[in-house]
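J.: I'd like to ask some things about the structure below.
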Amino acid sequence: MKLEIRLEEKNDYRKVEEMTREAFWNLYVPGANEHSIVHYLRNSEVTIPQLNFVATKDGEIVGHIFYTKAEVIDKEGKSHEVLTFGPLSVSPKFQKQGIGRALIEFTKRIAADMGYKGIIIYGYPGYYNRVGFKSAASFGIARADGVFAKALLAMELYPGSLKEISGDFHEAVSCFQLDENEFLKFESSFLAKEKKHEPSQDLFLEMVDKLEDPENIKLNNH
């Protein structure tokens, strides 16, 4: 597939939101809210516009990656800035064709050139392990509550870049907590779709609850 990957532009905003809504509809929960995260965080101080890219095919937006700043706080209370992305969206009719991988590969090189050391996300290990992520626990990085979770994954942006970084991972949580009334108003601007239960929602809940077995964690940075 011939793709063009370029920075998101202002006139892409609505098309990206529509595509993101389709990509996540009924995937993790009945309905979706990922498109509203993109909408409300675009102008946030934690968003990094230089890393927000779209993938297009024949002029159609078929993928989008959205980065924000995050941090790892170590045992001494020192903050280490890292990146996180999400949503990473691919149009349903173009999924499983390498678009998500292409967006990650393209943007991680730029992120490294910008001086960032690592990317930490929550995601399915079965997919993200194939594109270079490892268990965050193997770097000594846990959730904000200090728990090592299977869904928490990390990627070094150059060899050894996370060697001196360990502790608890913190996203800008307040930025992701959307006012319900604002969300409902925003959602009403889209075509109505049926919200329903799908098996993927059960798999998601199961994954979120899985913890790493401490005996199986092999540290990469200590």
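J.: Going through the range 66-81 one residue at a time, which ones are among the hydrophobic types (A, V, I, L, M, F, W, C) and farther than 12 Å from ASP168 by Cβ?
T.: Matches in the range 66-81: PHE66 only.
J.: It is to be established whether one or more residues within the range 92-106 are out of contact with any Pro (no Cβ under 8 Å at 6 or more places or on another chain), within 16 Å of TYR158 (Cα to Cα), at pLDDT 95 or above and open to solvent by 10 Å² or more (accessible area, probe 1.4 Å).
T.: Yes; the residues of the range 92-106 include at least one that is out of contact with any Pro (no Cβ under 8 Å at 6 or more places or on another chain), within 16 Å of TYR158 (Cα to Cα), at pLDDT 95 or above and open to solvent by 10 Å² or more (accessible area, probe 1.4 Å).
J.: Determine whether the range 45-52 contains at least one residue that is over 16 Å from the mean Cα position of the chain (by Cα) and within 25 Å of LEU203 (Cα to Cα).
T.: No, the range 45-52 contains no residue that is over 16 Å from the mean Cα position of the chain (by Cα) and within 25 Å of LEU203 (Cα to Cα).
J.: Under the condition of being more than 17 Å from ASP179 (Cβ to Cβ) and hydroxyl-bearing (Ser, Thr, Tyr), which residue from the range 12-39 is farthest from the chain's Cα centre (by Cα)?
T.: Checking each candidate, the answer is TYR13.
J.: If VAL62 satisfies all but one of (1) open to solvent by less than 10 Å² (accessible area, probe 1.4 Å); (2) touching a residue at least 60 places away in the same chain (Cβ under 8 Å); (3) closer than 24 Å to SER36 by Cα; (4) of a type in the set (A, V, I, L, M, F, W, C), what's the number of the condition it fails?
T.: (2)
J.: Sort out which residues of the range 127-145 are part of a loop (DSSP other than H, G, I, E, B) and open to solvent by 30 Å² or more (accessible area, probe 1.4 Å), and write them in order of number.
T.: Scanning the range 127-145 gives GLY132, ARG143, ALA144, ASP145.
J.: Here is a further query. Hey, among the residues in the range 146-175 that are in a strand (DSSP E or B) and not charged (D, E, K, R), which one's most open to solvent (accessible area, probe 1.4 Å)?
T.: The qualifying residue most open to solvent (accessible area, probe 1.4 Å) is HIS170.
J.: Moving on to the next point. Can you work out which of the residues in the range 37-59 that are of a type in the set (Gly, Ala, Ser) and surrounded by fewer than 19 Cβ atoms within 10 Å (Cβ to Cβ) is nearest to ALA102 (Cα to Cα)?
T.: Checking each candidate, the answer is GLY59.
J.: So, one more: Only one of (1) modelled with pLDDT of 95 or more; (2) open to solvent by less than 80 Å² (accessible area, probe 1.4 Å); (3) under 21 Å from the mean Cα position of the chain (by Cα) is not met by TYR124, so which one is it?
T.: For TYR124, the failing item is (1).
J.: If you check GLU34, GLU17, GLU22, GLU8, which single one turns out to be under 26 Å from ALA151 (Cα atoms), out of contact with any Ser or Thr (no Cβ under 6 Å at 6 or more places or on another chain), among the charged types (D, E, K, R) and open to solvent by less than 70 Å² (accessible area, probe 1.4 Å)?
T.: After applying the criteria, what remains is GLU17.
J.: Just to be sure before I move on: is VAL16 among the β-branched types (Val, Ile, Thr) and at pLDDT 95 or above in the structure I sent?
T.: Yes: the conditions hold for VAL16.
The values are calculated or read from the model by the stated rules, or taken from the named source; none is laboratory data. Because the structure is a prediction, the values reported are computed rather than measured. Using ideal geometry, Cβ is built from the backbone for each residue, glycine included, and neighbour counts are taken over all protein chains shown. Quick note on the areas: whole protein, heavy atoms, side chains included, nothing else; ligands and nucleic acids left out. Shrake-Rupley method; radii C 1.70, N 1.55, O 1.52, S 1.80 Å.
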